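A.B. asks: Mind looking over this structure? Questions follow.
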Amino acid sequence: MDLTLRDFERAAKRLEGIVHKTELVCSSTFSNMAGGEIWLKCENRQKTGSFKIRGAANKIGALVERGEVKAVVASSAGNHAQGVAFAAHSHGLPATIVMPKAAPIAKVQATEGYGAKVVLYGDCYDEAYARAMEICEAEGATFLHPFDDYEVMAGQGTVALEILRELPTVDTVVVPVGGGGLLSGVAACIKQVNPRVRVVGVQAEGASAVYQSFRAGKHMSTARVSTIADGIAVGNPGERTVETILKYADDMVTVSDNDISAAILLLMERTKQIVEPSGASSLAAVLSGKVEARDKRTVCLLSGGNIDVSFIHRVIDQGLVSRHRRMRFTTRMPDAPGRLIEVLQVLADSGANVLEINHDRLSRILGPNEILVHIACEVGGEEHGKNVMAALHAAGYEAKPDAE
């Protein structure tokens, strides 16, 4: 089976009144940084906080039209759970979502708030999935796959129709990729409307199964995933999605967690938007130079905004390091009164803001009257950081940057 333009148009019709037509805005800040027009498609402001509601609502709508559904079941600890819950409620259908027992309370409550019954089961996604399949069989319900389903892919692809209608002169669309449902839908839709537009997928370096599949020209999976971008941390992408991506996408790139953190911080500071790590990966790819945007009109799809509040400070810290706004160094000095004050005075005179100080008297490299001092401080950027280190060296202190 192949996705046709009619599939996307039908999906868009089904989604009327259910999903938002989210903003597509041009950012002068990011445009100046990239040397070309950078537009942001804000699916982080979509109902339920991500694009996932598009695929779920289209799938459920199609099942209802065919009279093939009494109740729906899904397994997810993330955006898919909330999308299914909302879409099922919109059609008056009961929904059961199986989540791992360790799922964040906020996501459990949000899913329940959209009208679904939440079952906490197992210690990982695979165990939750197995339980979901048992419930489907026992209750005669329909399982909704988060990505490897053509009607789900068609629903996700409706975001491409909105981009093309509002910005028909777009040159490149950059899309976050986990299991591949969003990229497959967007690429298939765009290439059938305007083959001139480049479609590029982005994965985290620590979860690169689709990237590897694209390079190999066949479906690949990875044994483990490790990234802050939990929304795209998929080790085994869909068979159907990979096949579609290989047919329609122009390229795939990867970005580091540091790149993603820096993009999240910039979005918060410059556009006042909260974007989850997976959603920010598209902008990270552009700002890190992985996707060429100079003299082009590029749309970065911000796929979601459901970031755990307790996790934000860690992402901000990592983003500050990536943008050279925070530095950590070690200096060796005599263990004598007043010497630490001298170092702190140098930092103060250099305009650095001290965040943390730790003493080490046990290192083997120390003499009997010496101490190592580890200092973390805020600076204004890479050049400011270099000036701070130069000032310390000029004052007679050998300061060495610590690995963050």
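Read-outs throughout are calculated quantities, based only on the coordinates presented, and are distinct from any laboratory measurement. Computed from a prediction, not measured in an experiment: that's the story for all the values here. Cβ: placed from backbone, ideal geometry, glycine included. Neighbour counts: every protein chain shown.
A.B. asks: List the longest stretch of the chain that has no exposed loop site; here a site is one of the trypsin sites (Lys or Arg not before Pro) assigned by DSSP to anything other than H, G, I, E or B, with at most 14 other Cβ within 10 Å.
C.D. replies: The answer is 102-195.
A.B. asks: A further question follows. Provide ASP250, ASP295 in ascending order of the number of other Cβ atoms located within 10 Å of each residue's Cβ, fewest first.
C.D. replies: ASP295, ASP250
A.B. asks: If you don't mind, there's one more thing I want to ask. Report the convex hull volume per residue for the chain, counting only C-alpha atoms, in Å³.
C.D. replies: 156 Å³
A.B. asks: Same structure, new question: Helix 181-193 versus the longest principal axis of the chain: what angle, 0 to 90°, nearest 10, using Cα atoms?
C.D. replies: Helix 181-193 sits at roughly 70 degrees to that axis.
A.B. asks: Moving on. Using +1 at the Cβ of each Lys and Arg and -1 at the Cβ of each Asp and Glu in the stretch 310-404, identify which of PRO334, GLN345, ILE365 lies farthest towards the dipole's positive end.
C.D. replies: Farthest along the dipole direction, towards plus: ILE365.
A.B. asks: Under the rule of at least 5 residues apart or a separate chain, name every residue whose amide H is placed under 5 Å from the amide H of VAL98.
C.D. replies: Under 5 Å from the amide H of VAL98 lie the amide H atoms of ALA74, SER75, SER76, VAL119, each far enough along the sequence or on another chain.
A.B. asks: Under 5 Å between amide hydrogens, which residues at least 5 positions from THR142 or on another chain qualify, with H placed 1.01 Å from N in the peptide plane?
C.D. replies: LYS70, ALA71, VAL72, VAL73
A.B. asks: From the C-alpha coordinates alone, can you work out the Kirkwood hydrodynamic radius of the stretch 77-136, in Å?
C.D. replies: 11.2 Å
A.B. asks: Hey, what do the phi angles of the stretch 44-54 turn into as Karplus ³J(HN,Hα) couplings, whole Hz, using 6.51/-1.76/1.60 and θ = phi - 60°, x for Gly and Pro?
C.D. replies: Calculated HN-Hα couplings, in order: 5, 9, 6, 4, 6, x, 6, 5, 4, 5, 4 Hz.
A.B. asks: Turning to a different aspect of this structure: Would you mind computing Rg(Cα) / (2.2 N^0.38 Å) for the stretch 92-234, counting N as its residues?
C.D. replies: The stretch 92-234 yields a ratio of 1.20.
A.B. asks: Ok, one more. Estimate the FRET efficiency between GLU378 and VAL25 by the formula 1/(1 + (r/R0)^6), using the beta-carbon distance for r and 30 Å for R0, to the nearest 0.05.
C.D. replies: Once rounded, the FRET efficiency stands at 0.50.
A.B. asks: If you line up the Cα atoms of the stretch 16-172 on their principal axes, what length do they span on each, largest first, in Å?
C.D. replies: 55, 36, 25
A.B. asks: Net charge around GLU65, counting only other residues with Cβ within less than 10 Å of its Cβ (Lys, Arg = +1; Asp, Glu = -1)?
C.D. replies: +2
A.B. asks: For THR169 and ASN358, FRET efficiency with R0 = 45 Å and r from the beta-carbon atoms, rounded to 0.05?
C.D. replies: According to the calculation, E is roughly 0.25.
A.B. asks: Among residues other than SER90 whose Cβ falls under 13 Å from its Cβ, what is the net charge (Lys/Arg +1, Asp/Glu -1)?
C.D. replies: In short, +3.
A.B. asks: Output the 0 to 90 degree angle, nearest 10, between the alpha-carbon long axis of helix 382-394 and the longest principal axis computed from the alpha carbons of the chain.
C.D. replies: 20 degrees
A.B. asks: Please give, to one decimal in nm, the separation of the simple spin-label points placed at ALA395 and ASP2, each 7 Å out from Cα toward the Cβ.
C.D. replies: If labels sit at ALA395 and ASP2, their model points lie 6.8 nm apart.
A.B. asks: While we're looking at this one, here's another question. If you take every DSSP beta bridge whose two residues both sit in the chain, what share of them, in percent to the nearest 5, is antiparallel?
C.D. replies: Of all bridge pairs located within the chain, approximately 45 percent are antiparallel.
A.B. asks: Moving on to the next point. Using alpha carbons only, how many degrees (0 to 90, rounded to 10) separate the axis of helix 125-139 from the longest principal axis of the chain?
C.D. replies: Helix 125-139 and the main axis of the chain meet at about 20 degrees.
A.B. asks: For GLU239 paired with ARG215, estimate the spin-label separation in nm (one decimal), with each label point 7 Å from Cα along the Cα-to-Cβ line.
C.D. replies: 2.5 nm
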